[in-house]
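The values are calculated or read from the model by the stated rules, or taken from the named source; none is laboratory data. The model shown is predicted, which means the values in this text are computed figures rather than measured ones. Here the Cβ is made from the backbone with ideal geometry for all residues, glycine too, and neighbour counts use every protein chain on show. What goes into the accessible areas is simple: the full protein's heavy atoms, side chains included, and nothing from ligands, DNA or RNA. Shrake-Rupley method; radii C 1.70, N 1.55, O 1.52, S 1.80 Å.
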Amino acid sequence: MTEFKKVVVAGGGVLGSQIAFQTAFSGFDVTIWLRSEGSIGRTRPKLERLKRIYLETLETMKTNPAAYCRGFSDKKQLSESEINALKQQVEKGYSRLKLTTSYEEAAENADLVIEAIAENPEEKTAFYTELAKYLPAKTILATNSSTMLPSSFAAATGRPEKYLALHFANEIWKNNTAEIMGHAGTSAECYDAVVAFAESIHMVPLKLKKEQPGYILNSMLVPFLNAAQTLWAKEIADPETIDRTWTLATGAPAGPFRILDIVGLTTAYNVVMLNPDAGNPDSTAGKIAALLKEKIEAGKTGINAGEGFYTYNK
């Protein structure tokens with residue numbers, strides 16, 4: 001079985017930063033590849049926020065075991081000394097994170113690269129094509145794409161047998177799922193190595209038997225979020241009322257617009273722009289895209305920005 005030591009995460013967005021932090025917390029050497037110095041500047045506060053969340057949650061667990069998060073430890077009952085050891089693990093993981101804009105530096109001796117850049121097929125293809133110039137032969141490459149199939153990009157990677165999808169849920173430290181989906185050319189050894197890696201960072205590997213757009217989670221989640229955004233775009237109700245309807249009627253802890261804030265409005269916008277009708281301002285997809293774009297341009301991109309549909313403490 002392939003053992004990973006150096007893991008690279010490409011992209012420092014909502015999920016990219018979470019994947020990198022959880023992996024570093026779990027003891028791996030982690031490098032985050034970013035497109036520009038500006039991207040580095042935007043990623044650092046996300047990592048600092050995650051460090052604070054991990055430390056504060058662990059401290060709360062000392063007096064409130066219900067605060068336990070599955071991504072911290074396989075043990076549900078932790079002593080104070082064990083919690084303190086996990087807090088030290090958070091600090092060590094944070095200190096091990098490296099950020100770079102260099103393909104060469106990121107790729108050097110990499111065992112696993114997890115691509116978590118924008119949901120834009122042209123950008124992904126360009127990234128894979130350039131990265132292929134620097135990757136060692138041993139490196140396994142995974143995409144965290146929410147909706148796109150690995151077979152669409154396998155040829156561009158230059159290593160189709162070592163390429164597959166590894167998709168995480170938001171708030172990875174609590175919602176510790178890892179959907180693992182190969183394409184027809186993915187080797188069994190590569191697939192099994194990624195399953196083992198997911199377990200090693202305290203995720204529950206969910207094995208897909210064949211390709212499916214949206215995988216398991218987003219095959220259910222995206223239509224739900226789209227239905228809520230359609231109600232908003234058609235001015236049927238405001239986001240707060242739509243969320244309140246869902247939480248009161250189902251007992252769910254969060255409504256669709258609260259979930260969109262966690263996902264990030266930029267990701268939501270990129271997903272809706274995949275719809276061929278999004279370019280038509282009179283279509284429902286076009287109206288959703290315009291509303292999301294207005295919020296993004298105002299800096300209201302979701303929980304990491306401190307404001308999306310709701311306001312948060314950064």
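Please figure out what share of the DSSP beta bridges in region 60-201 is antiparallel and state it in percent, rounded to the nearest 5. Could the numbers behind the result be given before it?
On the way: 4 of 11 bridges.
Beta bridges within region 60-201, antiparallel portion: roughly 35 percent.
Given H placed on each backbone N at 1.01 Å, which residues far from Glu115 in sequence or on other chains put an amide H within less than 5 Å of it?
Ala10, Ala142, Thr143, Asn144
In region 118-204, which trypsin sites (Lys or Arg not before Pro) fall in coil by DSSP and have 10 or fewer other Cβ atoms within 10 Å? Don't skip to the answer; put the middle values down first.
On the way: sites: Lys124, Lys133, Lys138, Lys162, Lys174; in loops: Lys133, Lys138, Lys174.
In loop regions of region 118-204 (DSSP not H, G, I, E or B), the sparsely surrounded trypsin sites (Lys or Arg not before Pro) are Lys133.
Which loop-located GluC sites (Glu not before Pro) does region 1-109 contain, where loop means any DSSP state but H, G, I, E or B and the Cβ has at most 11 other Cβ atoms within 10 Å?
Hits after loop and neighbour filter: Glu3.
Starting from the amide H of Ile32, placed 1.01 Å from N in the peptide plane, find each other amide H under 5 Å away whose residue is 5 or more places distant or on another chain.
It is Val9, Lys98, Leu99, Thr100, by chain and number.
Based on the Cβ-Cβ distance of Glu240 and Asp282, what FRET efficiency does E = 1/(1 + (r/R0)^6) give at R0 = 30 Å, to the nearest 0.05?
Values: r = 26 Å, r/R0 = 0.87.
With R0 = 30 Å, the Cβ-Cβ based efficiency is 0.70.
Please compute the volume of the convex hull spanned by the alpha-carbon atoms of the chain and report it per residue in Å³. Don't skip to the end; give the middle numbers.
Working: hull volume 41.9 nm³, N = 314.
Looking at the chain, the number lands at 133 Å³ per residue.
Mind listing the phi-derived Karplus ³J(HN,Hα) values for region 80-85, rounded to whole Hz, using 6.51, -1.76 and 1.60 with θ = phi - 60°, and x for any glycine or proline?
4, 5, 5, 5, 4, 5
Using a probe of 1.4 angstrom, how much of the accessible area of the chain is carbon and sulfur, in percent?
Numbers: 7550 of 14650 Å².
Using a 1.4 Å probe with all protein chains present, the chain comes out at 52 percent carbon and sulfur.
Taking the dipole about the Cα centre of the chain, with the C-beta of Lys and Arg at +1 and of Asp and Glu at -1, give me whichever of Leu292, Gly13, Ser219 is farthest to the positive side.
Value: Gly13.
Would you pull out the residues with amide H under 5 Å of Glu307's amide H, same chain only if 5 or more places away, H placed 1.01 Å from N?
Thr301, Gly302, Tyr312
What does DSSP give for the chain in terms of the percent of beta bridges that are antiparallel, rounded to the nearest 5?
Numbers: 6 of 29 bridges.
That works out to approximately 20 percent antiparallel.
For region 230-240, take each phi angle, set θ = phi - 60°, evaluate the Karplus expression 6.51 cos²θ - 1.76 cosθ + 1.60, and give the result in whole Hz per residue in order, putting x for glycine and proline.
5, 4, 5, 5, 8, 6, 6, 7, 7, x, 5
Accessible area per residue, 1.4 Å probe, Å², for the chain: what's the number? Numbers along the way, then the final one.
Values: 14650 Å² over 314 residues.
The answer is 47 Å² per residue.
So what J values fall out for region 68-75 if you push phi through Karplus, 6.51 cos²θ - 1.76 cosθ + 1.60 with θ = phi - 60°, rounded to Hz, Gly and Pro as x?
Each residue's phi maps through the Karplus curve to give 3, 10, 5, x, 7, 6, 6, 8 Hz.
Can you compute the radius of gyration and Dmax for region 1-117, using only the Cα atoms, both in Å?
Rg and Dmax of region 1-117, Cα atoms, are 15.0, 46 Å.
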